[in-house]
Amino acid sequence: MENNMREYTVEQRRAYARSLPIEELMKMAEQYSNPTPNTTEQVIYNILTSEVERRILNWEVAEVWWIL
């Protein structure tokens, strides 16, 4: 799907991003890091960075929960 991410729906792209290992997710985020505004590439970049942020927040919540 990585090479053809433009062909899928937003929900399919989100599901794909969630299934990626962190190394691949970061690699793809870097690949799309300079998107042209208001394009499919911008949408893909936003999905990828949102997934990175979601994972960071989940990690922080897990850390706080563990400390408590």
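Here are some notes:
- Pair list, Cβ < 8 Å and 6+ apart or interchain, from the stretch 51-64 residues that are open to solvent by 80 Å² or more (accessible area, probe 1.4 Å) to residues that are at pLDDT 75 or above: none
- Any hit, the stretch 19-31, residues being in a loop (DSSP other than H, G, I, E, B) and over 13 Å from Arg55 (Cβ atoms): no
- Residues within the stretch 5-18 that are surrounded by fewer than 12 Cβ atoms within 10 Å (Cβ to Cβ) and either at pLDDT below 90 or assigned to a loop (DSSP other than H, G, I, E, B) (or both), tallied: 3
- Unmet requirement for Ile67, which otherwise passes all of (1) among the β-branched types (Val, Ile, Thr); (2) open to solvent by 80 Å² or more (accessible area, probe 1.4 Å); (3) modelled with pLDDT of 90 or more: (3)
- Selected residue (criterion: nearest to Trp59 (Cα to Cα)) from residues of the stretch 19-39 that are β-branched (Val, Ile, Thr) and open to solvent by 60 Å² or more (accessible area, probe 1.4 Å): Ile22
The values are calculated or read from the model by the stated rules, or taken from the named source; none is laboratory data. Only a predicted model underlies this, so the values are computations on that prediction, with no experimental measurement involved. In this analysis, Cβ positions are derived from the backbone assuming ideal geometry, glycine residues included, and neighbour counts consider all displayed protein chains. SASA here: full protein model, heavy atoms, side chains in, ligands and nucleic acids out. Shrake-Rupley method; radii C 1.70, N 1.55, O 1.52, S 1.80 Å.
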